Amino acid sequence: MKKIIVVGSSNTDLVISCDRLPEPGETVSGGEFARFSGGKGANQAVAAARAGAHVTFIGAYGDDDFGRAAKAGLKREGIDVRHFRAHAEASSGVALILIGGRERQNLIAVARSANDRVTPAAVNKARPAFCSAAAVVAQLEIPIEAVQAAAEHARNQGVPFILNPAPATRLPASLLRLVHTLTPNEHEAELIAGVKGLSAAVRKLRQLGCLNVAVTLGARGALLASETSEHIIPGACVEPVDTVGAGDCFTAWLAVGLAEGMSLDDAAKRACHAAAISVTRPGAQASMPFRSEVPA
């Protein structure tokens, strides 16, 4: 089992499934409500653990029912939560999610929370955990300074740093130069690059310093761009139920593949299969497939 460090957020997802998503100012009634464990960091930690990695999760939660339930859920997945710390002065992360339409697309709002307390100091306290890591994963639901600290630890250990740049924002070149593989969706790629058009955005991201870019394309699969090539990895044809967490699933399985020594292409192919399985199930963490379910 390869060791993966995931530095990131933990949220409780409060989800309403509707026939369609509302327009601004509109109320859509009649949906079904569900509560799931979520947060991009915690989602990726669970996905990586189910992919067969030994996962250490670095994050923060509030001293409340949501936070205690989140920590217990990660422990049940076999994840090392010694660096997932409580903060009494902050609430645990909560995301409000609407899912609707024929393609089951989603709208998500995330509240300020203990996730904002994941600081470089918190990452540095977990420095010994990085010494045996085979890959490091982060997202942008925590302060960018903590993401930078995680990236620097990965560089110091000579292991891949995989960054899922969501929610999207312009990123400093000092961080992008530390990225082994960036995993945005199409919108995020264009926003971060500051240019329109997917191919142009991918080229710009590589010029800014990313070694590789893997753009998730939903049902179409993923676009891989490296120093030597740019091509599509096809997606699997499935009937979607809930697309929340699909990008997290892809990122985690890609990271595990790279940690295991797979090529970027092979790791992405397996990650696309895993993400396709995840969208056929409700919930974020609950939808993550186990290694035995995903073609080798």
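The values are calculated or read from the model by the stated rules, or taken from the named source; none is laboratory data. These numbers were taken from a predicted model, which means no experiment stands behind them. As a convention, Cβ positions derive from the backbone with ideal geometry for all residues, glycine included, and neighbour counts pool all protein chains shown.
Given the structure, is Arg82 within 28 Å of Phe130 (Cα to Cα), basic (Lys, Arg) and not in a helix (DSSP H, G or I)? Break it down stepwise before answering.
Working: within 28 Å of Phe130 (Cα to Cα): yes; basic (Lys, Arg): yes; not in a helix (DSSP H, G or I): yes.
Considered against the rule, which asks whether it is within 28 Å of Phe130 (Cα to Cα), basic (Lys, Arg) and not in a helix (DSSP H, G or I), Arg82 comes out as yes.
Give me the pairs, please: first residue somewhere in region 40-57 and under 18 Å from Glu141 (Cα atoms), second residue anywhere and among the acidic types (Asp, Glu) and part of a helix (DSSP H, G or I), beta-carbon distance under 7 Å, and either six or more positions apart or on two chains.
Here the result reads Lys40/Asp248; Asn43/Asp248; Gln44/Asp248; Ala47/Asp248, each pair linking region 40-57 to a residue that is among the acidic types (Asp, Glu) and part of a helix (DSSP H, G or I).
Restricting the search to region 119-137, which residues are within 16 Å of Ala60 (Cβ to Cβ), outside any helix (DSSP H, G or I) and in contact with a Lys or Arg (Cβ under 9 Å, 6 or more places away or on another chain)?
The initial filter retains those residues of region 119-137 that are within 16 Å of Ala60 (Cβ to Cβ), namely 119-126, 129.
If we keep only those that are outside any helix (DSSP H, G or I) too, we end up with 119, 126.
Answer for region 119-137, where residues must be within 16 Å of Ala60 (Cβ to Cβ), outside any helix (DSSP H, G or I) and in contact with a Lys or Arg (Cβ under 9 Å, 6 or more places away or on another chain): just Ala126.
Which of the following residues is surrounded by fewer than 22 Cβ atoms within 10 Å (Cβ to Cβ) and either farther than 16 Å from Asp248 by Cα or touching a His at 6+ places or on another chain (Cβ under 7 Å) (or both): Ala121, Ala146, Ala151? Before you say what the answer is, go through the steps one by one.
Details: Ala146 fails: surrounded by fewer than 22 Cβ atoms within 10 Å (Cβ to Cβ); Ala151 fails: surrounded by fewer than 22 Cβ atoms within 10 Å (Cβ to Cβ).
After applying the criteria, what remains is Ala121.
Taking into account only those residues within region 249-296 that are farther than 18 Å from Leu163 by Cα and of a type in the set (S, T, N, Q), which is surrounded by the fewest Cβ atoms within 10 Å (Cβ to Cβ)?
My answer is Ser292.
Evaluate the following for Ile79: is it of a type in the set (Val, Ile, Thr) and in contact with a His (Cβ under 6 Å, 6 or more places away or on another chain)? It would help to see each step written out before you state the result.
Working: of a type in the set (Val, Ile, Thr): yes; in contact with a His (Cβ under 6 Å, 6 or more places away or on another chain): no.
Against the criterion (of a type in the set (Val, Ile, Thr) and in contact with a His (Cβ under 6 Å, 6 or more places away or on another chain)), Ile79 does not qualify.
For Val137, state whether it is buried (at least 24 other Cβ atoms within 10 Å of the Cβ) and either modelled with pLDDT of 95 or more or not aliphatic (A, V, I, L, M) (or both). Let's see the steps before the verdict.
On the way: buried (at least 24 other Cβ atoms within 10 Å of the Cβ): yes; either modelled with pLDDT of 95 or more or not aliphatic (A, V, I, L, M) (or both): yes.
Criteria met by Val137.
Filter region 215-247 down to residues that are of a type in the set (Val, Ile, Thr) and without any contact (Cβ under 8 Å) to a residue 60 or more places away in the chain and give me whichever is surrounded by the most Cβ atoms within 10 Å (Cβ to Cβ). Steps first, please.
Step one: filter region 215-247 for residues of a type in the set (Val, Ile, Thr), giving 215-216, 228, 232-233, 238, 241, 243-244.
The next check asks that each one be without any contact (Cβ under 8 Å) to a residue 60 or more places away in the chain; those that pass are 215-216, 228, 232-233, 238.
Working: Val215: 24, Thr216: 28, Thr228: 5, Ile232: 12, Ile233: 22, Val238: 13.
Per the criteria, the residue is Thr216.
Pull up region 1-19, narrow it to residues that are among the aliphatic types (A, V, I, L, M) and farther than 16 Å from Ser113 by Cα, then point me to the one that is surrounded by the fewest Cβ atoms within 10 Å (Cβ to Cβ). Break it down stepwise before answering.
In the first step, residues of region 1-19 are kept if they are among the aliphatic types (A, V, I, L, M); the result is 1, 4-7, 14-16.
Checking the rest, the ones that are also farther than 16 Å from Ser113 by Cα come to 1, 4-6, 15-16.
Details: Met1: 13, Ile4: 30, Ile5: 31, Val6: 33, Val15: 23, Ile16: 16.
For region 1-19, the residue satisfying everything is Met1.
Within the group Lys75, Lys71, which residue is in a helix (DSSP H, G or I) and either β-branched (Val, Ile, Thr) or touching a Ser or Thr at 6+ places or on another chain (Cβ under 9 Å) (or both)? If you could, list the steps in order and put the result at the bottom.
Working: Lys75 fails: either β-branched (Val, Ile, Thr) or touching a Ser or Thr at 6+ places or on another chain (Cβ under 9 Å) (or both).
So the residue among Lys75, Lys71 that is in a helix (DSSP H, G or I) and either β-branched (Val, Ile, Thr) or touching a Ser or Thr at 6+ places or on another chain (Cβ under 9 Å) (or both) is Lys71.
May I ask you to verify whether Val28 is in contact (Cβ under 8 Å) with a residue 60 or more places away in the chain, under 21 Å from Ile108 (Cα atoms) and either assigned to a helix (DSSP H, G or I) or touching a helix residue (DSSP H, G or I) at 6+ places or on another chain (Cβ under 9 Å) (or both)?
Values: in contact (Cβ under 8 Å) with a residue 60 or more places away in the chain: yes; under 21 Å from Ile108 (Cα atoms): yes; either assigned to a helix (DSSP H, G or I) or touching a helix residue (DSSP H, G or I) at 6+ places or on another chain (Cβ under 9 Å) (or both): no.
Answer is no for this residue.
Do you know which of the residues in region 194-208 that are closer than 20 Å to Ala268 by Cβ and among the small types (Gly, Ala, Ser) is nearest to the chain's Cα centre (by Cα)? Give the steps one after another, and end with the answer.
Keep residues of region 194-208 that are closer than 20 Å to Ala268 by Cβ, which gives 198-199, 201-203, 205-206.
Now drop any that are not among the small types (Gly, Ala, Ser), which leaves 199, 201.
Values: Ser199: 22, Ala201: 20 Å.
Selected residue: Ala201.
Report, ordered by the first and then the second residue, all pairs with beta carbons closer than 6 Å, sequence separation of six or more or different chains, a first member in region 114-130 that is free of Cβ contacts under 8 Å to residues at least 60 places away in the same chain and charged (D, E, K, R), and a second member that is surrounded by fewer than 21 Cβ atoms within 10 Å (Cβ to Cβ) and not in a helix (DSSP H, G or I).
Arg117/His87; Arg117/Ala90
If you check Leu224, Leu175, Leu205, Leu191, which single one turns out to be assigned to a strand (DSSP E or B) and at pLDDT 95 or above? Steps first, answer last, please.
On the way: Leu175 fails: assigned to a strand (DSSP E or B); Leu205 fails: assigned to a strand (DSSP E or B); Leu191 fails: assigned to a strand (DSSP E or B).
Just one listed residue meets the conditions, Leu224.
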